[in-house]
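Please see the structure below; I have some questions.
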Amino acid sequence: MNVTILDDYADAVRTFECFRKLEDHSVRVSTECVRDPDALAALLEDTEALVLLRERTRVTRALVERLPRLKMITLNGPWPHIDVAACTERGIIVCSEHRHTSYATAELTWGLVIAAMRHIPQQMAELKRGGWQTRIGTGLRGRTLGVYGYGRIGKQVAGYGKAFGMRVLVWSREKAREDARRDGYDVPPAREALFDEADVLSLHVRLVPETRGMVSAADLARMKPTAVLVNTSRAELIESGALEAALRAGRPGSAAVDVYEDEPVLGAKHPLLALDNVVCTPHLGYVERDQLERYFSDQFERVLAYARGAPYGVVNPKALAGCRPVPG
């Protein structure tokens, strides 16, 4: 089959051991960020199996209708960027599973927490400019970590907070709050307490229509002027423009951000990058060698399963009835 792997910005997938799994297929790897509809349609013209790297490229109805040879799309995690209905109508199966906890994202989250609390990037910049100890950082022991979202990553981050001697305060869905209580963490009577009490507040919520904009300007205004907001989840969880305004107003006092509404952010064109009280990274959460090896290995196994005529992890099973035949 003709397999296309999109948005491999670092040109890394060819270096992974799992890449050998596709050696019997024709594989094209795109390292560019292709957003122009015509250019994207031309790039994917001959594609039969499309491998997506998280949510970097939107697969719209207009795009799908221009790809007559496309048979299957595979990704890991949620698929809000794919028009699944359009795929189903055209007999294109969408396959996704989420087998592994993203320890890489949890680890990066904790790195950002320490970097923001101790002003590490700013102090590094000062040192390179000839300065020395120009700021006083804040430690973590004895302070309150707020974890918003107690799923796989949230649980890991909560554990890191406990290991650092922090009080851990959790808010999530009701079932997850019960899990947090059983795990020995504090659960407040209302979500507002998370914003009121957290010295570090870390977001770990999946982006779905119901969670878009769930953190409002009013929520941020409740935070301490010494608090840090950390977001390694999705930028759209926060009301558009609210974080930049809140940081300028001083509540919270700082932020550490790995995600943005429109990615990739090129040319330093994002308002958060102009603020000295923000630590910004270019969506590095899951971009770690072991994580990506597992990530792509799962993807490629689904491509091979489709080629054998035994697809699995299909999120739109109705598409199987109109599924285009696999080449013999």
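Determine whether the stretch 239-259 contains at least one residue that is of a type in the set (Lys, Arg) and either touching a helix residue (DSSP H, G or I) at 6+ places or on another chain (Cβ under 6 Å) or within 30 Å of Val3 (Cβ to Cβ) (or both).
Taking the stretch 239-259 and keeping what is of a type in the set (Lys, Arg), we get 248, 251.
After this cut, where a residue has to be either touching a helix residue (DSSP H, G or I) at 6+ places or on another chain (Cβ under 6 Å) or within 30 Å of Val3 (Cβ to Cβ) (or both) as well, the list is 251.
Yes, the stretch 239-259 contains a residue that is of a type in the set (Lys, Arg) and either touching a helix residue (DSSP H, G or I) at 6+ places or on another chain (Cβ under 6 Å) or within 30 Å of Val3 (Cβ to Cβ) (or both).
In the set Leu43, Leu70, Leu53, Leu75, which member is touching a Ser or Thr at 6+ places or on another chain (Cβ under 7 Å), modelled with pLDDT under 95 and aliphatic (A, V, I, L, M)? Don't jump to the end; show me each part of the working.
Working: Leu43 fails: modelled with pLDDT under 95; Leu70 fails: modelled with pLDDT under 95; Leu53 fails: touching a Ser or Thr at 6+ places or on another chain (Cβ under 7 Å).
None of the others qualify; the one that does is Leu75.
Please identify the pairs in which a residue from the stretch 115-136 that is more than 17 Å from Ala255 (Cα to Cα) has its Cβ atom under 9 Å from the Cβ atom of a residue that is aromatic (Phe, Trp, Tyr), counting only partners at least 6 apart or on another chain.
Glu126/Trp132
Which of the numbered conditions does Gly146 fail, given that it passes all the others? Conditions: (1) of a type in the set (Gly, Ala, Ser); (2) in a loop (DSSP other than H, G, I, E, B); (3) touching a Leu at 6+ places or on another chain (Cβ under 8 Å).
(2)
Quick grid of which residues meet (1) under 22 Å from Gly77 (Cβ atoms); (2) among the charged types (D, E, K, R); (3) in the same structural domain as Leu70 (by TED's automatic domain parsing); (4) assigned to a loop (DSSP other than H, G, I, E, B):
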site: Arg248; (1), (2), (3), (4): no, yes, no, no
site: Arg251; (1), (2), (3), (4): no, yes, no, yes
site: Glu263; (1), (2), (3), (4): yes, yes, no, yes
site: Ala268; (1), (2), (3), (4): no, no, no, yes
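A further question on this structure: Can you find, within the stretch 219-242, the residue that is farthest from the chain's Cα centre (by Cα) among those that are touching a residue at least 60 places away in the same chain (Cβ under 8 Å) and part of a loop (DSSP other than H, G, I, E, B)?
Taking the stretch 219-242 first, the residues touching a residue at least 60 places away in the same chain (Cβ under 8 Å) are 226, 228, 230, 232-233.
Within this subset, residues satisfying the condition of being part of a loop (DSSP other than H, G, I, E, B) are 226, 232-233.
Details: Thr226: 26, Thr232: 6, Ser233: 5 Å.
Per the stated criteria, the residue is Thr226.
While we're looking at this one, here's another question. Every residue in the stretch 92-110 that is outside any helix (DSSP H, G or I), buried (at least 22 other Cβ atoms within 10 Å of the Cβ) and of a type in the set (Ser, Thr, Tyr), please.
Taking the stretch 92-110 as the starting set, the residues that turn out to be outside any helix (DSSP H, G or I) are 92-102.
The next check asks that each one be buried (at least 22 other Cβ atoms within 10 Å of the Cβ); those that pass are 92-95, 102.
Within the stretch 92-110, just Ser102 meets the criteria.
When you go through Glu174, Glu197 one by one, which is the residue that is over 17 Å from Val257 (Cβ atoms), among the acidic types (Asp, Glu) and surrounded by 16 or more Cβ atoms within 10 Å (Cβ to Cβ)? Step through it out loud before you land on a result.
Details: Glu174 fails: surrounded by 16 or more Cβ atoms within 10 Å (Cβ to Cβ).
After ruling out the rest, the residue left standing is Glu197.
Could you tell me which residue of the stretch 152-167 is surrounded by the most Cβ atoms within 10 Å (Cβ to Cβ), considering only residues that are in a helix (DSSP H, G or I) and of a type in the set (Lys, Arg)? Spell out the reasoning first.
Within the stretch 152-167, the subset in a helix (DSSP H, G or I) is 152-163.
When the remaining residues are screened for being of a type in the set (Lys, Arg), the result is 152, 155, 162.
Details: Arg152: 15, Lys155: 21, Lys162: 15.
That would be Lys155.
Further question on the same structure: Restricting attention to the stretch 290-312, and to residues there that are part of a loop (DSSP other than H, G, I, E, B) and either touching a helix residue (DSSP H, G or I) at 6+ places or on another chain (Cβ under 6 Å) or acidic (Asp, Glu) (or both), which single residue is surrounded by the fewest Cβ atoms within 10 Å (Cβ to Cβ)?
Of the residues in the stretch 290-312, the ones part of a loop (DSSP other than H, G, I, E, B) are 308-312.
From what's left, either touching a helix residue (DSSP H, G or I) at 6+ places or on another chain (Cβ under 6 Å) or acidic (Asp, Glu) (or both): 311-312.
Details: Pro311: 21, Tyr312: 10.
This residue is Tyr312.
Would you mind finding the one in Gln123, Gln156 that is under 28 Å from Pro78 (Cβ atoms) and in the same structural domain as Leu272 (by TED's automatic domain parsing)?
On the way: Gln123 fails: under 28 Å from Pro78 (Cβ atoms).
Exactly one residue qualifies, and that residue is Gln156.
Another one. Residue by residue through the stretch 205-218, note down the ones that are more than 26 Å from Tyr286 (Cβ to Cβ) and touching a residue at least 12 places away in the same chain (Cβ under 8 Å). Lay out the reasoning, then the answer.
Just the residues of the stretch 205-218 that are more than 26 Å from Tyr286 (Cβ to Cβ), to begin with: 216-218.
If the condition is that a residue be more than 26 Å from Tyr286 (Cβ to Cβ) and touching a residue at least 12 places away in the same chain (Cβ under 8 Å), then Ser216, Ala217 are the ones that fit.
From the set of residues in the stretch 65-91 that are of a type in the set (Val, Ile, Thr) and buried (at least 24 other Cβ atoms within 10 Å of the Cβ), which is farthest from Asp46 (Cα to Cα)? Walk me through how you get there before you give the answer.
Narrowing the stretch 65-91 to residues of a type in the set (Val, Ile, Thr): 73-74, 82, 84, 88.
Narrowing the set further to residues that are buried (at least 24 other Cβ atoms within 10 Å of the Cβ) leaves 73-74, 82.
Details: Ile73: 14, Thr74: 16, Ile82: 19 Å.
That would be Ile82.
Something else about it: Under 6 Å by Cβ, and 6 or more places apart or on different chains, what pairs join a residue from the stretch 163-180 that is farther than 21 Å from Ala227 by Cβ with one that is of a type outside the set (Phe, Trp, Tyr) and surrounded by fewer than 22 Cβ atoms within 10 Å (Cβ to Cβ)?
Arg177/Val187
Among (1) closer than 18 Å to Met117 by Cα; (2) over 23 Å from the mean Cα position of the chain (by Cα), where does Val147 come up short?
It fails just one condition, (2).
The values are calculated or read from the model by the stated rules, or taken from the named source; none is laboratory data. Remember, predicted model here, so these are calculated numbers, not experimental data. All Cβ positions, even for glycine, are placed from backbone atoms using ideal geometry, and neighbour counts span all protein chains on display.
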